[in-house]
Amino acid sequence: MASTFGILNYAAPNFAAKDTTPVVAVGTPNLGNQNDTWVYVKATEAVATGTCTVDASFNLTDAAGSYTADTAFASGEYGWVRKTTSPL
């Protein structure tokens, strides 16, 4: 049975969008159009653009790590970050 939410059966999300409530499950991965891997996360603090850290619970912090925030996050926002060592 096909998934109702998968890489091949829906339009790609807007990776620059930020949400105040989650629109998909935190931790959801997605492939971008350049074979890059994105993960949906929650910012636990303000996060500037650039490298960032995602913990095992998919909480985002501004510490340098193996993910990249292409747009800034306010504390408490949900959104997508790109895995620097893509794909998964």
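Coordinate-derived values only; no laboratory data. It should be emphasised that the depicted structure is a prediction, and the values quoted were computed from it without experimental measurement. Cβ coordinates were reconstructed from backbone atoms using ideal geometry, including for glycine residues, and neighbour counts include every protein chain displayed.
Sort the following peptides by mean Cβ neighbour count (other Cβ atoms within 10 Å, averaged over residues), highest first: 38-47, 51-60.
38-47, 51-60
Could you work out the local net charge near Ala69, counting Lys and Arg as +1, Asp and Glu as -1, over the other residues with Cβ closer than 15 Å to its Cβ?
-3
Summing Lys, Arg as +1 and Asp, Glu as -1, what charge do residues with Cβ under 13 Å from the Cβ of Ala25 carry, Ala25 excluded?
0
Work out, step by step, the length gained on full extension between Asp70 and Leu31: first 0.36 nm times the residue separation, then minus their alpha carbon distance; give nm to one decimal.
Answer, rounded to one decimal: 12.5 nm.
Run the quick spin-label model on Phe58 and Ala12: label points 7 Å from Cα toward the beta carbon, then report their separation in nm to one decimal.
Taking the two extended label points, one gets 1.9 nm.
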